[in-house]
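The values are calculated or read from the model by the stated rules, or taken from the named source; none is laboratory data. Bear in mind the structure is a predicted one, so any value in this text is a computation, not a measurement. Here Cβ is always computed from backbone atoms with ideal geometry, including for glycine, and neighbour counts include all displayed protein chains.
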Amino acid sequence: MPSGTRVLAIAAAGFALSAGSALLSSQTPAPGTVWDGAYTDAQAARAISEFSASCAECHTLGGSGDGQLVGTPFWEGYSQKTVGDLLTFVRTNMPSGAEGSLTATTYADLVALILKSNGLPAGSMELGPATGHLKIVPKDGSSALPANSLARVVGCLTKSGSGWVLTNATAPERIDAAGVGKDDATRPLGTGTFALKFVLSRLDSFAGQRMSASGILLGTGGVDGLNVSSVSRVAPACP
């Protein structure tokens, strides 16, 4: 490698390291999140009139009212999902009664407006395939799911007083529908203990076995447990 090229390579590496240190010190979310910019300002502006015509009857972008798309409802519904997940949901379910009736560009513009209304920054690329992988996370980069998220936890069923807990529990995984995941019988377990709340099924015969539980998280990250909607044995031995 010519000496000039080596100098440039070393300088570039030094710049990358210093930039990385600055990102860590300011707690900016890691690359690959909505804080990198998932849409353009022009794109969000294009959606304003379409939102008024097709969405405003059921939804609001701030202030008060039902159908809120800003703030807690947004973060509870989409934290730890991707921009592509949000776009798919909007395209599949909106407008009510005429689902999927808008153009692909219009749906992308509307999602751009939702992101902008939630204080997420614009970038240099329009929302679309190139930005669909970006993860929706809080500004501090936290990976904890918000309270009231629908989630799944896998672990070893253990009696705790009059209730049940999962020991060796995995971290809560956001899901779209309650039920067993395809890898729950073999996935690596964790080190946590997760309380199962409001369990309606009799579980005594499953004590000590590997279980998959789905439900609503009580507290951020499920700190207060899981309001169980389904619980199933996925393997007889645990861990």
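Out of curiosity, is S142 out of contact with any helix residue (DSSP H, G or I) (no Cβ under 7 Å at 6 or more places or on another chain), surrounded by 13 or more Cβ atoms within 10 Å (Cβ to Cβ), part of a loop (DSSP other than H, G, I, E, B) and polar (S, T, N, Q)? Criteria met by S142. Here the range 194-216 is the region considered, the condition is being under 22 Å from the mean Cα position of the chain (by Cα) and hydroxyl-bearing (S, T, Y), and the residue that is surrounded by the most Cβ atoms within 10 Å (Cβ to Cβ) is S212.
Answer yes or no as to whether T105 is surrounded by fewer than 21 Cβ atoms within 10 Å (Cβ to Cβ) and either aromatic (F, W, Y) or farther than 22 Å from F198 by Cβ (or both). Answer is yes for this residue.
Restricted to the range 217-236, and to residues there that are among the β-branched types (V, I, T) and within 15 Å of G192 (Cβ to Cβ), the residue that is nearest to the chain's Cα centre (by Cα) is T220.
Please work out which residue is modelled with the lowest pLDDT, limiting yourself to the range 208-239 and to residues that are of a type in the set (A, V, I, L, M, F, W, C) and not in a strand (DSSP E or B). Per the criteria, the residue is A237.
Given L157, L203, L134, which one is in contact with a Phe, Trp or Tyr (Cβ under 9 Å, 6 or more places away or on another chain) and more than 19 Å from G222 (Cβ to Cβ)? Steps first, answer last, please.
Numbers: L157 fails: more than 19 Å from G222 (Cβ to Cβ); L203 fails: more than 19 Å from G222 (Cβ to Cβ).
Of L157, L203, L134, the one residue that is in contact with a Phe, Trp or Tyr (Cβ under 9 Å, 6 or more places away or on another chain) and more than 19 Å from G222 (Cβ to Cβ) is L134.
Every condition in (1) at pLDDT below 95; (2) under 19 Å from Q80 (Cβ atoms) holds for S162 except the one numbered (2). In this structure, does R6 turn out to be among the charged types (D, E, K, R), more than 24 Å from P138 (Cα to Cα) and either at pLDDT below 95 or within 18 Å of the chain's Cα centre (by Cα) (or both)? Against the criterion (among the charged types (D, E, K, R), more than 24 Å from P138 (Cα to Cα) and either at pLDDT below 95 or within 18 Å of the chain's Cα centre (by Cα) (or both)), R6 qualifies.
Residue count for the range 90-113 satisfying the condition of being touching a His at 6+ places or on another chain (Cβ under 9 Å) and not in a loop (DSSP other than H, G, I, E, B): 0. Within the range 99-137, being in contact (Cβ under 8 Å) with a residue 40 or more places away in the chain and charged (D, E, K, R) holds for D109, K116, E126, K135.
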